1. If you go through region 248-258 one residue at a time, how many are free of Cβ contacts under 8 Å to residues at least 60 places away in the same chain and part of a helix (DSSP H, G or I)?
2. Scanning for something outside any loop (DSSP other than H, G, I, E, B), of a type in the set (A, V, I, L, M, F, W, C) and modelled with pLDDT under 85, does region 17-26 turn up at least one residue?
3. With the structure loaded, tell me whether residue 211 is over 18 Å from the mean Cα position of the chain (by Cα), surrounded by 15 or more Cβ atoms within 10 Å (Cβ to Cβ), in a helix (DSSP H, G or I) and modelled with pLDDT of 90 or more or whether it fails that test.
4. Can we say residue 101 is under 15 Å from the mean Cα position of the chain (by Cα) and small (Gly, Ala, Ser)?
5. With respect to residue 262, determine if the residue is part of a helix (DSSP H, G or I), modelled with pLDDT of 95 or more, more than 23 Å from the chain's Cα centre (by Cα) and over 18 Å from residue 49 (Cβ atoms).
6. Return the residues of region 3-27 that are among the polar types (S, T, N, Q) and farther than 19 Å from residue 132 by Cβ; say none if nothing qualifies.
7. Report yes if some residue within region 28-39 is among the charged types (D, E, K, R) and not in a loop (DSSP other than H, G, I, E, B); otherwise report no.
Amino acid sequence: MLLSRFAENAFWLGRYMERVESLARLLWVTEAFAADQDSGEAWAPILSVFADEAAFAERGKAPTALNVARFYLTDRNNPNSAVAASFMAKENARSLRHLLSTEAWREISVFNDDLAALQKRRFSLSKLNDICLSLRDGCYKHRGVMAATCYRDEVWRFHQLGGALERADQMTRLIDMKYFRFDIDDIDDVTPPDVAWWNTLLRSASGYHAFQRRHSFNADAGDAAHFVLCDPYLPLSVTNAAEASFYQLGRLERDFNAKPGAAIVAAANALESRLASPPAKLNGRALHRYLDAIQQEIIALANALNDRYFAPAG
């Protein structure tokens, strides 16, 4: 039977690597729609999505594009940065060194070294797009190496569970970048994102062409929101990620007798029910509050997982 600390290491290895990939996607979308604007208004959404306004203000720097990008890429003291997440991924992998394939350990080490090298040099904003794509591709490589070389035991299942849960959470944050203002301003007439923004988001989620196949004519923002939230066949959709986490829970119970317990079952059912019942209008304040509710359900499931598998009482 796998020790609880190793299960937790595997779970968080999956979460941290997924976090780096999602952060690269968030920065890419922000940069694409900042349209070379260097103002705080253009880059404020990403700070709000992570509730990092106060932490960033402590740096004493203006919220320019370059300062925000560095805050999320190379600031080791920012726990939400790519370099911090990559470091934590490697530390969790180090604890699992005897349970990972040689190829997986090497890939994680190289990826972390590459990000550490980025931290040591001053990059320009013109390089941000290439950096984000490189990070994303490195995370894709991690998934591929893990899938190709890792033994399908509890370590694999907890790694996949963590990655799927993080992916679901981070996709809600990506969508919410244009909707969080509805609660901040407490008004309904905030201008919603246009078609171009949704097209960019769909491309960032590798879903643009799939969406075009499903919605060839007269697609609107509500269709796009429903697609990235609820389509079970889109790998990066919230529903697909949630279903992947439910599948891993089932395999842990079936193959390794790791019974989830009542709290996990209740939390998973609540998340599944929430995703199956989106509001009729997936736009504006209704969409923001729906995304917020999904995030709360994901947090509840993560807490239940921690209590059951990683920090059991007694």
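The values are calculated or read from the model by the stated rules, or taken from the named source; none is laboratory data. What you see is a predicted model, and the numbers here were worked out from it, not measured in a lab. A quick note on method: Cβ atoms are made from the backbone with ideal geometry, for glycine too, and the neighbour counts reach across all protein chains shown.
1. Of region 248-258, the ones free of Cβ contacts under 8 Å to residues at least 60 places away in the same chain are 250, 253-254, 257.
Imposing the further condition that a residue be part of a helix (DSSP H, G or I) reduces the set to 250, 253-254.
Total satisfying the criteria: 3.
2. Taking region 17-26 and keeping what is outside any loop (DSSP other than H, G, I, E, B), we get 17-26.
Among the residues that remain, those that are also of a type in the set (A, V, I, L, M, F, W, C) are: 17, 20, 23-24, 26.
Retained after the next criterion (residues that are modelled with pLDDT under 85): none.
No, region 17-26 contains no residue that is outside any loop (DSSP other than H, G, I, E, B), of a type in the set (A, V, I, L, M, F, W, C) and modelled with pLDDT under 85.
3. Values: over 18 Å from the mean Cα position of the chain (by Cα): yes; surrounded by 15 or more Cβ atoms within 10 Å (Cβ to Cβ): yes; in a helix (DSSP H, G or I): yes; modelled with pLDDT of 90 or more: yes.
Spelling it out, residue 211 is indeed over 18 Å from the mean Cα position of the chain (by Cα), surrounded by 15 or more Cβ atoms within 10 Å (Cβ to Cβ), in a helix (DSSP H, G or I) and modelled with pLDDT of 90 or more.
4. Numbers: under 15 Å from the mean Cα position of the chain (by Cα): no; small (Gly, Ala, Ser): yes.
Here the answer is no, as residue 101 does not meet what is asked.
5. Numbers: part of a helix (DSSP H, G or I): yes; modelled with pLDDT of 95 or more: yes; more than 23 Å from the chain's Cα centre (by Cα): yes; over 18 Å from residue 49 (Cβ atoms): yes.
Spelling it out, residue 262 is indeed part of a helix (DSSP H, G or I), modelled with pLDDT of 95 or more, more than 23 Å from the chain's Cα centre (by Cα) and over 18 Å from residue 49 (Cβ atoms).
6. Here is the first cut: in region 3-27, the residues among the polar types (S, T, N, Q) are 4, 9, 22.
Across region 3-27, the qualifying residues are 4, 9.
7. First, pick out the residues of region 28-39 that are among the charged types (D, E, K, R): 31, 36, 38.
Those left that are additionally not in a loop (DSSP other than H, G, I, E, B): 31.
Yes: region 28-39 contains one or more residues that are among the charged types (D, E, K, R) and not in a loop (DSSP other than H, G, I, E, B).
Matching residues to (1) in the same structural domain as residue 171 (by TED's automatic domain parsing); (2) within 15 Å of the chain's Cα centre (by Cα); (3) crowded, with 16+ Cβ neighbours inside 10 Å:
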| position | (1), (2), (3) |
| --- | --- |
| 233 | yes, no, no |
| 237 | yes, yes, yes |
| 267 | yes, no, yes |
| 277 | yes, no, no |
| 298 | yes, yes, yes |
| 305 | yes, no, yes |
